[in-house]
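Heads up: the structure comes next, in structure tokens.
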Amino acid sequence: MKVTAVTTLSVDRFNYVKVETDEGLVGIGELHPASGTGGTPFLPIAGVKYCAEYLVGKDPLRIEQHWQHMFRRQLFRGGSDAMAALGAIDIALWDIKGKSLNKPVYELLGGPTREKVRLYTHLRGSSPEELAEQASATVEKGFTALRLYPFGGFGVLDFEEGLGLESMSFTGMQNNAVARVAAVREAAGPDVDIMIDAVNRLSPAEAIAVGRALEPFNLYFFEDPIEPENMDQWRWVAQQQPIPLAMGERLYTIYQFRDLLNHQGAAYLRPDLSLAGGITNVKKIAGIAESAYAGVVPHNPLSCVLTAACVQIDAATHNIPVQEYPPDDDSGIKAELVKEPLKRDGGYLLIPTAPGIGIELNEEAFRHYPPVPYERPALINPDGSLREY
């Protein structure tokens, strides 16, 4: 069997990679926007073309060999766009391999370690009242883990209305976080796990202060409090505040995750299969995390295709306690873009038994949703300075 074509399909804000073979087997993967997360992802799409230059004409089943070639033929290797391209193609190759053997991918990774996958999902309200209402409704659906952004609004409109993080004082952001987390805790009850995500927008001092203010609420983890590049600061923040840290959605090589673990900068790693080199690389990242007694919580901000790839890793990997699950994953546009989303049972995803990654694109629906750029406006502080996007 030989690879005959590697193509990118763009629809709405999602991008997919399709790998075709001369035996009629087709694999799909999801492409992270990487450096195009604040606009149009031109560079990761170009990265797919770069990898296709190597892959076309080769046996798709030699996944590890191809992974190493596509990674190492970049002499200046490991950038986010190249790793996103490699990740999407890797997922598609595993999809082909599973289909060729009539097995789900997790069976090829050692078999299942669990019967179903526990999920956490997002609360997207702005006020404490909105968040509390959403928390109650989400727990009613069977979810046992909830995540929120604890500072109210999330963009320029919120700043103009005086609601966003960028309009808050050092003390104000602590008070706002406490008000929102308290409302969610009361609505969700004492036994539901609650996580917060600051989207890398805090300084180390702010992160420590917020973590200490939220100590009474017994949070499961504090995700991405500060920017991702300085591991010494991650170690300091982890040591100085009481909530376990989760980090890794903006890392993409095993070497970066090793550095984070060596600094004891996070209790939970958050690799994104569509960014961090696909199933092949994330399985290795989970291995080094297990040696450090760290959990792995795969990042999952895109569509049902990435969810399906995550579930293959979740099923076959011991140290994954919970999986991120967007609240619209099985409805609306996302559900239309695939033939059938994975099945959810309350707060769990059922592990599929279909071959490959267990999901197929519905390309007939693509014509209804032309590609759109990512809208990620800058956050400007009241004094005119820029806060992390």
query: Can you work out ³J(HN,Hα) from phi for every residue in region 51-66, in order, using Karplus 6.51 cos²θ - 1.76 cosθ + 1.60 and θ = phi - 60°, giving whole Hz and x for Gly and Pro?
result: 5, 4, 3, 7, 7, 4, x, 9, 5, x, 7, 8, 5, 4, 4, 5
query: Taking amide H positions as placed 1.01 Å from N in the peptide plane, with prolines and chain starts having none, which residues 5 or more places from L9, or on another chain, fall under 5 Å of its amide H?
result: Y16, V17, K18
- line: Interchain or sequence-distant (5+) residues whose placed amide H lies within less than 5 Å of the amide H of G248 are R270
- line: Residues of region 275-313 with backbone N under 20 Å of the label point set 7 Å from the Cα of T353 along Cα→Cβ are 308-309, 311-313
- prompt: Residue farthest toward the positive end of the dipole of the chain, with Cβ of Lys/Arg at +1 and Asp/Glu at -1: which of M173, F76, P371?
  reply: F76
- request: Using Cα pairs closer than 8 Å and at least 6 residues apart in sequence, work out the relative contact order for the chain, in percent.
  value: 21 percent
message: What lysines does K49 reach when the alpha-carbon gap must be under 19 Å and sequence neighbours fewer than 8 apart in one chain are set aside?
response: K2, K18, K58
- prompt: Amide H to amide H under 5 Å from K116: which residues, 5+ apart in sequence or cross-chain, H placed 1.01 Å off N in plane?
  reply: none
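Add +1 for every Lys or Arg and -1 for every Asp or Glu among the other residues with Cβ under 15 Å from the Cβ of Q74, and state the total.
Values: positive: K49, R72, R73, R77; negative: E53, D81, D90.
Taking every other residue near Q74 into account, the sum is +1.
Assuming R0 = 22 Å, can you tell me the calculated FRET efficiency for the pair H263 and R387, based on Cβ-Cβ distance, to the nearest 0.05? Please report the intermediate quantities before stating the final value.
Numbers: r = 24 Å, r/R0 = 1.11.
After rounding to 0.05, the efficiency reads 0.35.
Can you give the extra length, in nm with one decimal, that the chain gains between A137 and Y54 once fully stretched, where that is 0.36 nm per residue apart less the Cα-Cα distance?
Numbers: separation 83, 0.36 × 83 = 29.88 nm, distance 4.91 nm.
This chain segment gains 25.0 nm when fully extended.
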message: Apply the Karplus curve 6.51 cos²θ - 1.76 cosθ + 1.60, θ = phi - 60°, to the phi angles in region 270-280 and return the couplings in whole Hz, x for Gly and Pro.
response: 10, x, 9, 4, 7, 10, 9, x, x, 5, 4
- prompt: Helix 170-188 sits at what angle to the longest principal axis of the chain, using alpha carbons and giving 0 to 90 degrees rounded to 10?
  reply: 70 degrees
field: Phi to ³J(HN,Hα) by Karplus 6.51 cos²θ - 1.76 cosθ + 1.60 over region 216-230, Hz, x for Gly, Pro
entry: x, 9, 6, 6, 5, 7, 10, 8, 6, x, 10, 4, x, 7, 9
field: Total formal charge among the other residues, if their Cβ is under 13 angstrom from that of Y325, Lys/Arg +1 and Asp/Glu -1
entry: +1
field: Size of charge dipole - the chain - debye, nearest 20, with Cβ of Lys, Arg +1 and Asp, Glu -1, no other charges
entry: 1180 debye
query: What ranking, highest mean first, results for peptides 77-83, 310-316, 378-384 when packing means the other Cβ atoms within 10 Å averaged over each residue?
result: 310-316, 77-83, 378-384
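Quick one: of the DSSP bridges fully inside region 107-357, what percent are antiparallel, nearest 5? Walk me through the numbers on the way to the answer.
On the way: 5 of 24 bridges.
If we restrict to bridges inside region 107-357, about 20 percent are antiparallel.
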field: Degrees separating the helix 128-140 axis from the principal Cα axis of the chain, which is the longest one
entry: 50 degrees
- prompt: Taking Cα atoms, how many degrees apart are the long axis of helix 304-316 and the longest axis of the chain, rounded to 10 and kept between 0 and 90?
  reply: 90 degrees
query: How about region 2-107: which GluC sites (Glu not before Pro) there lie in a loop by DSSP and see at most 16 other Cβ atoms within 10 Å?
result: E23
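Every number in this text was worked out from the coordinates using simple rules, so none of it is lab data. Note that the structure is predicted; figures quoted are calculated from it, not measured. Quick reminder, even Gly has a Cβ in these numbers, built from the backbone with ideal geometry, and neighbours come from all protein chains shown.
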